[in-house]
Each structure stands twice: as C-alpha cells, then as structure tokens.
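Peer 1: Quick one: this structure, given as structure tokens, is what I'll be asking you about.
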Amino acid sequence: MVLDRVAIQRALTRITHEILEKNRGTEQLALVGIYTRGVYLSQRLAAEIKKGEGVSVPCGEIDITLYRDDVGRSRARPEVRSTTIPFSVDDLRIVLVDDVLYTGRTVRAAMDALIDFGRPRSIQLAVLVDRGHRELPIRADYVGKNLPTAHDEHVHVRLVERDGVDEVVTE
C-alpha cells in the first residue's frame, strides 16, 4: 500500500495549506474536480478550507469525456456525465483537482473543457498522486505524493465515497 486513510488525509491537509499560502487566502478561489475521484478530492479540500478558514469556496465538477483526444478511437461508447460549475469561472483562480497525474492528457482535456465556461485568471493543478511519465508539458502545482512508477504499473486510488475505503495501491 502506498497511502492509507491517514496518509491521504495528511496529504490533503498539506495541499490545502499550500493552496491557501500560494493564493494568499480564498479570495477569487474556486475548486473544480475532474470526474470521478477528483470530484471527491475537491470536496474534501473545500471542507478543509472551510474548517481552517471558515470560508466556503465554490466547488464544481467537470467531465472531460468529450474533450479527450482518444474519443472515437475505440468501439466502446464513452460514458458522458454532466459538468456542474455553478459559478462563473471568469477572473477566478481555479484549482483543478484529480487523483492521479500520469501523461497529462486528462488535465489538458480538463483545461479545454474549463475554458468553454469562461476565462479564469489562472488554472492551477492539485493531484493526490503524481506518477510521472508525462507526454505533455504539464506539471502539478500541488502534489500529495510523488510516486515513480513503471509504464506497466497501475496506480489505484480508492476513496471511501466511491470505493468504501481510502487507499492508494500499485499493481
């Protein structure tokens, strides 16, 4: 096991502090989670900010399915979920949140999708695990755990909201 429940919570607390420090508080700050587990992580970060600062930051959910560069390349029909961003992104500092950063293609798709909603002041990236092997020039601003992996390894993030347990494992 790479991270257990306690280690995940500790990483999210640290990421929360780093976000607040870099952005000098919560003014003009919003979180947007990338489906699926990035949504749960963004909600946890928002709860940490509320607990520490007493401020509720806007929180949204983004589905990148139709923005992926491999849509239509397989016979499988993509599952499209709804994107919910109940606030204007214009001039906000948006922190995109995802569970694992690997090639960078998911993040590129998320930025494309986000830009369709307006023009943020900036887009930052928070991930629980950065496993390396980038194919695009994308890096995370906030990382819970750097985890060097082989290309054939799989990193599984399991969260209690979806999987009944908080853990990160490799196979």
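Rundown of residues vs (1) within 28 Å of Val165 (Cβ to Cβ); (2) in contact with a strand residue (DSSP E or B) (Cβ under 7 Å, 6 or more places away or on another chain), yes/no style:
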| site | (1), (2) |
| --- | --- |
| Arg44 | yes, no |
| Glu48 | yes, no |
| Lys51 | yes, no |
| Thr65 | yes, no |
| Phe87 | no, yes |
| Asp91 | no, no |
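Peer 1: Can we say Val129 is closer than 25 Å to Asp152 by Cβ and either part of a loop (DSSP other than H, G, I, E, B) or within 16 Å of the chain's Cα centre (by Cα) (or both)?
Peer 2: Yes; evaluated as a whole, the condition is true for this residue.
Peer 1: Any idea which of Leu41, Leu96, Leu31, Leu92 is more than 30 Å from Thr170 (Cα to Cα) and surrounded by 21 or more Cβ atoms within 10 Å (Cβ to Cβ)?
Peer 2: Of Leu41, Leu96, Leu31, Leu92, the one residue that is more than 30 Å from Thr170 (Cα to Cα) and surrounded by 21 or more Cβ atoms within 10 Å (Cβ to Cβ) is Leu92.
Peer 1: Taking the stretch 139-171 as the region of interest, how many residues are assigned to a loop (DSSP other than H, G, I, E, B), open to solvent by 30 Å² or more (accessible area, probe 1.4 Å) and hydrophobic (A, V, I, L, M, F, W, C)?
Peer 2: Total meeting the criteria: 2.
Peer 1: Checking Leu41 against (1) at pLDDT below 95; (2) under 19 Å from Arg158 (Cα atoms), only one condition comes out false. Which one?
Peer 2: Of the numbered conditions (1) at pLDDT below 95; (2) under 19 Å from Arg158 (Cα atoms), the odd one out for Leu41 is (1).
Peer 1: When you scan the stretch 20-32, do you find a residue that is touching a helix residue (DSSP H, G or I) at 6+ places or on another chain (Cβ under 9 Å) and without any contact (Cβ under 8 Å) to a residue 24 or more places away in the chain, even just one?
Peer 2: no
Peer 1: Starting from the stretch 141-168, keep only residues that are over 22 Å from Thr103 (Cβ atoms) and in contact (Cβ under 8 Å) with a residue 12 or more places away in the chain, then list their pairs with residues that are of a type in the set (Phe, Trp, Tyr) and buried (at least 17 other Cβ atoms within 10 Å of the Cβ) whose Cβ atoms are within a distance under 6 Å, requiring at least 6 positions of separation or different chains.
Peer 2: Partner pairs satisfying both residue conditions: Glu161/Tyr40.
Peer 1: Let me ask you something else. Tell me, please, whether a residue that is open to solvent by less than 20 Å² (accessible area, probe 1.4 Å) and more than 18 Å from Val143 (Cα to Cα) can be found in the stretch 69-81.
Peer 2: Checked against the condition, which is being open to solvent by less than 20 Å² (accessible area, probe 1.4 Å) and more than 18 Å from Val143 (Cα to Cα), the stretch 69-81 yields no hits at all.
Peer 1: Kindly indicate whether Leu136 is surrounded by 20 or more Cβ atoms within 10 Å (Cβ to Cβ) and in contact (Cβ under 8 Å) with a residue 12 or more places away in the chain.
Peer 2: The answer is no for Leu136.
Peer 1: Restricting to the stretch 104-126, what's the tally of residues that are open to solvent by less than 30 Å² (accessible area, probe 1.4 Å), in a helix (DSSP H, G or I) and not β-branched (Val, Ile, Thr)?
Peer 2: Number of matching residues: 4.
Peer 1: Looking only at the stretch 44-65, which residues are without any contact (Cβ under 8 Å) to a residue 24 or more places away in the chain and either open to solvent by 20 Å² or more (accessible area, probe 1.4 Å) or among the acidic types (Asp, Glu) (or both)?
Peer 2: Scanning the stretch 44-65 gives Ala47, Lys50, Lys51, Gly54, Ser56.
The values are calculated or read from the model by the stated rules, or taken from the named source; none is laboratory data. Here the structure is a predicted model, which is why all the values come from computation and not from measurement. Every residue, glycine among them, receives a Cβ derived from its backbone with ideal geometry; neighbour counts consider all protein chains shown. Surface accessibility is based on the protein's heavy atoms, side chains included, excluding ligands, DNA and RNA. Shrake-Rupley method; radii C 1.70, N 1.55, O 1.52, S 1.80 Å.
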